[in-house]
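**Q** Here's a structure for you.
The values are calculated or read from the model by the stated rules, or taken from the named source; none is laboratory data. As the structure is a computational prediction, the values presented were derived from the model and not from experiment. Heads up, the Cβs are rebuilt from the backbone with ideal geometry, glycines too, and the neighbour counts pull from every protein chain shown.
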Amino acid sequence: MNLSRLRLITFDVTDTLLKFRSAPGRQYGEIGALYGVTADDNVLAENFKANWYRMNKEHPNFGLASGLGWENWWKHIIAGTFKDSDFNIEGKKLDAISSHLIELYRTSTCWQQCYGCLNLLSYLTSKKIPMGIISNFDPRLSTTLLNTKLRHYFRFVLTSYEVGFEKPDLKIFEQAMIASNLKNLQPEECLHIGDTPLLDYFGARNSNWNAFLIHDKSPKELKDKYGDDIEEKHVFSSLYDLHRTFVDNNEEKFLSMGPI
């Protein structure tokens, strides 16, 4: 596909544009230590994962539908992570740790840009293609993108919490088309780039969008898990890889692909 055929490109954020500087378990351990709570990072990491999955199941989309709210959603995860690590922290101290962590994840202290991110975004900007964000995230995302020096590249930022729908729901892709403010925009003129096959790739494709997948597994490994619905030409090892494909082939590779 030639870039000139595209009128909108959207990105996922976590592990697509931004990644953690250190694993949540280690980050929780470092902040806990500031308040006199010394815990094993590996234990915290396992308990964080368990609480994350539990809260996503019991209160999806950061507690929006259940009325819990995103801040309390995260406080439940933080409290559960430390409690399951055999720390019964008194209320005021736990509130302080929770507030500290919630604010910290707005900043570049916790996040760094993924490999090739800036060069690709600068390249697409030079091509004058409008870009946006579609992410299963809470309302901190715009501030996080601002603090990591990425916000100015994007016409809009859609989070699942603020929109009310999570990827792969077709409605969040429809909302992105509306948020672009592009007249007569058609799904086949849109491209979504993300790292999660079920949420990003299939979510976009089921919305009749084009989709590229940024993934460290080979196309063959992805096909073995997800079947032939993932096309090899749509899989890139990094944003750098995608950028170089655009530049090195002068986009002719995409012209020869036909519709993606």
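**Q** Only residues that are part of a helix (DSSP H, G or I), under 22 Å from the mean Cα position of the chain (by Cα) and crowded, with 17+ Cβ neighbours inside 10 Å: list them for segment 26-70, please. Don't jump to the end; show me each part of the working.
**A** Start the filter on segment 26-70 by keeping residues that are part of a helix (DSSP H, G or I), which leaves 26-34, 41-58, 60-63, 70.
Restricting the remaining residues to those that are under 22 Å from the mean Cα position of the chain (by Cα) gives 26-28, 45-58, 60-63, 70.
If the condition is that a residue be part of a helix (DSSP H, G or I), under 22 Å from the mean Cα position of the chain (by Cα) and crowded, with 17+ Cβ neighbours inside 10 Å, then GLN27, TYR28, ALA45, ASN47, PHE48, ASN51, MET55, ASN61, PHE62, GLY63, TRP70 are the ones that fit.
**Q** Going through segment 160-170 one residue at a time, which ones are part of a loop (DSSP other than H, G, I, E, B) and more than 11 Å from the chain's Cα centre (by Cα)?
**A** Of everything in segment 160-170, those that are part of a loop (DSSP other than H, G, I, E, B) and more than 11 Å from the chain's Cα centre (by Cα) turn out to be GLY164, PHE165, GLU166, PRO168, ASP169.
**Q** Let me ask something else. List the number of the failed condition for ASP95; all other conditions in (1) outside the structural domain of ASP241 (by TED's automatic domain parsing); (2) farther than 22 Å from GLN27 by Cα hold.
**A** Of the numbered conditions (1) outside the structural domain of ASP241 (by TED's automatic domain parsing); (2) farther than 22 Å from GLN27 by Cα, the odd one out for ASP95 is (2).
**Q** Does ILE134 satisfy being assigned by TED's automatic domain parsing to the domain that holds HIS215, in contact (Cβ under 8 Å) with a residue 12 or more places away in the chain, touching a Leu at 6+ places or on another chain (Cβ under 8 Å) and not polar (S, T, N, Q)?
**A** Criteria met by ILE134.
**Q** If I go through segment 176-185 residue by residue, how many of them are of a type outside the set (A, V, I, L, M) and touching a residue at least 40 places away in the same chain (Cβ under 8 Å)?
**A** Quick first cut of segment 176-185, residues of a type outside the set (A, V, I, L, M) only: 180-181, 183-184.
Those left that are additionally touching a residue at least 40 places away in the same chain (Cβ under 8 Å): 180.
Here the count works out to 1.
**Q** Further question on the same structure: Please go through segment 187-217 and pick out each residue that is touching a residue at least 60 places away in the same chain (Cβ under 8 Å) and of a type outside the set (Gly, Ala, Ser).
**A** Result: GLU188, GLU189, CYS190, LEU191, HIS192, ILE193, ASP195, THR196, LEU199, ASP200, ASN210, ILE214.
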